[in-house]
1. For segment 41-70, how many residues meet the condition of being closer than 22 Å to residue 106 by Cβ and of a type outside the set (D, E, K, R)?
2. Of all residues in segment 39-61, count the ones that are surrounded by fewer than 16 Cβ atoms within 10 Å (Cβ to Cβ) and either part of a helix (DSSP H, G or I) or among the small types (Gly, Ala, Ser) (or both).
3. Could you tell me whether segment 111-118 includes any residue that is farther than 30 Å from residue 179 by Cβ, touching a helix residue (DSSP H, G or I) at 6+ places or on another chain (Cβ under 9 Å) and either surrounded by fewer than 17 Cβ atoms within 10 Å (Cβ to Cβ) or hydroxyl-bearing (Ser, Thr, Tyr) (or both)?
4. Filter segment 16-37 for residues that are among the acidic types (Asp, Glu) and touching a residue at least 12 places away in the same chain (Cβ under 8 Å); which is farthest from residue 114 (Cα to Cα)?
5. For residue 163, which of the numbered conditions (1) modelled with pLDDT under 95; (2) part of a helix (DSSP H, G or I); (3) loosely packed, with under 13 Cβ neighbours inside 10 Å fails to hold?
6. Do any residues in segment 84-106 that are in the same structural domain as residue 176 (by TED's automatic domain parsing) have Cβ atoms under 8 Å from those of residues that are among the basic types (Lys, Arg) and in a helix (DSSP H, G or I), where the two are at least six apart or on different chains, and which pairs are they?
7. Take residue 172 and tell me if it is surrounded by 12 or more Cβ atoms within 10 Å (Cβ to Cβ), of a type in the set (S, T, N, Q) and not in a helix (DSSP H, G or I).
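The values are calculated or read from the model by the stated rules, or taken from the named source; none is laboratory data. Note that the structure is predicted; figures quoted are calculated from it, not measured. Please note: Cβ atoms are built from the backbone with ideal geometry, for glycine as well, and neighbour counts cover all protein chains shown.
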Amino acid sequence: MSPRTGRRGGDSRTRDDIRDAARELFARHGFDGTSLRAIAGHAGVDVALIPYYFTNKRGLFVAAMALPLDPAELVSAAAAGPRDQLGTRIAMTFLTTWEGETTGPPLRAFLRSAVTDEATAQSFGEFLSAEMLPVAAEQFGIGTDTVRAVGGLLFGIATMRYLIGAPAFTAQSADELCASVGPQLQAIIDQPH
């Protein structure tokens with residue numbers, strides 16, 4: 001008789017068990033150092049259940065870190081449209097997400113956690129580098145160095161506006177900030193390489 005694969009019979013906690021195991025292993029070993037097989041073993045499930053519940057490692061990381069959405073979806077949304085307006089779309093997508101009623105509070109909580117918890121910071125940094133940087137470079141049609149510059153500017157703004165609360169960043173509305181940051185991002189994007 002072959003071993004049974006798929007969902008555990010009668011166990012409605014399987015998804016939660018996988019997510020909890022992933023959270024623990026990502027914190028212990030980082031994003032790069034954690035395999036799907038290790039997560040499945042830690043959760044006591046067949047590795048085939050991970051794509052069933054979470055699609056891929058990125059989806060599992062998003063769930064494990066309690067992010068309100070997959071950042072790849074934001075990249076795709078910002079990428080759609082004329083290239084000469086990409087900087088403004090990136091700024092608008094980023095700020096709208098951080099200002100959103102359902103997305104903003106969990107993102108701000110995650111940012112606080114990443115700043116204060118070394119394991120979270122390491123895992124998130126590896127996730128951004130291994131998963132999101134290549135996705136953004138491909139979707140935006142720009143080089144890796146340019147994506148790093150754009151990401152650095154955006155996360156600097158998030159830190160100053162949502163974590164530190166610096167008046168120079170909080171005094172403007174999201175629309176006003178987008179109007180000033182969008183052209184700066186576009187200048188970075190358009191810079192010859």
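1. Adding up the residues that qualify gives 15.
2. Here the count works out to 6.
3. Looking through segment 111-118, at least one residue is farther than 30 Å from residue 179 by Cβ, touching a helix residue (DSSP H, G or I) at 6+ places or on another chain (Cβ under 9 Å) and either surrounded by fewer than 17 Cβ atoms within 10 Å (Cβ to Cβ) or hydroxyl-bearing (Ser, Thr, Tyr) (or both).
4. 17
5. All conditions pass for residue 163, except number (3).
6. Correct list of pairs: 98/108; 98/161.
7. Yes: the conditions hold for residue 172.
To keep it simple, each residue is scored yes or no on (1) farther than 24 Å from residue 58 by Cα; (2) hydroxyl-bearing (Ser, Thr, Tyr); (3) part of a helix (DSSP H, G or I).
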| site | (1), (2), (3) |
| --- | --- |
| 107 | no, no, yes |
| 135 | no, no, yes |
| 142 | no, no, no |
| 147 | no, no, yes |
| 158 | no, no, yes |
| 182 | yes, no, yes |
